[in-house]
Amino acid sequence: LPFIEQFTKKLLEIKKYSTDPSKTASKIQIICSQSTPGDEGKLMAADIPDASWLSDDDFAHELRNGHINIVIVGADCILHEGRGVINKVGTAGLASMCKKSDVPIICCADMWKLWDDIHPPPLEDIFESIPVDLFDRVLVPTD
């Protein structure tokens, strides 16, 4: 499984065994943003048990209205020395919305997405560079 899916499933597992009865697995809901174009979020929701998906606009609406507690995004590339994250256009806006809504946003990426070169990769129109300070954490597996 890609690291972001492993991370999401691990969060579910941790919450499932929480000693706080208000945080049982039945209280946890994973909602994936559709992630257009390409529908990666819709596809991920199909791979995670009991997950659902919303259109990107509906997801943003739910976030602004306080119905989302944490956002986890993937990355197409993590730039050298923490200079940024490359992901689909719209990620920077989502991260800014999270900051304004006081909702933590975590970026997860597999190790092979680390960019060792000091020069960023060429970007196609569907990608943007996002400053790492828009994320609460950028996570990459250690082994």
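The values are calculated or read from the model by the stated rules, or taken from the named source; none is laboratory data. Please read these numbers as outputs of a predicted model, since none were measured by experiment. Virtual Cβ from ideal backbone geometry, glycine too; neighbours counted across all protein chains shown. Calculation scope for accessible area: heavy atoms of the full protein, side chains included, ligands and nucleic acids excluded. Shrake-Rupley method; radii C 1.70, N 1.55, O 1.52, S 1.80 Å.
Taking the numbered list (1) among the acidic types (Asp, Glu); (2) modelled with pLDDT of 60 or more; (3) open to solvent by 70 Å² or more (accessible area, probe 1.4 Å) in turn, residue 13 passes all entries but (2).
Those helices (runs of 4 or more DSSP H) of segment 27-132 in which at least 1 residues are open to solvent by less than 80 Å² (accessible area, probe 1.4 Å), modelled with pLDDT of 90 or more and among the acidic types (Asp, Glu), considering only elements entirely within it, cover 56-64.
Filter segment 133-143 for residues that are in contact (Cβ under 8 Å) with a residue 12 or more places away in the chain and within 21 Å of residue 68 (Cα to Cα); which is least open to solvent (accessible area, probe 1.4 Å)?
Taking segment 133-143 as the starting set, the residues that turn out to be in contact (Cβ under 8 Å) with a residue 12 or more places away in the chain are 134-141.
Restricting the remaining residues to those that are within 21 Å of residue 68 (Cα to Cα) gives 134-139.
Values: 134: 36, 135: 13, 136: 68, 137: 148, 138: 55, 139: 49 Å².
Ranking the qualifying residues of segment 133-143, first place goes to 135.
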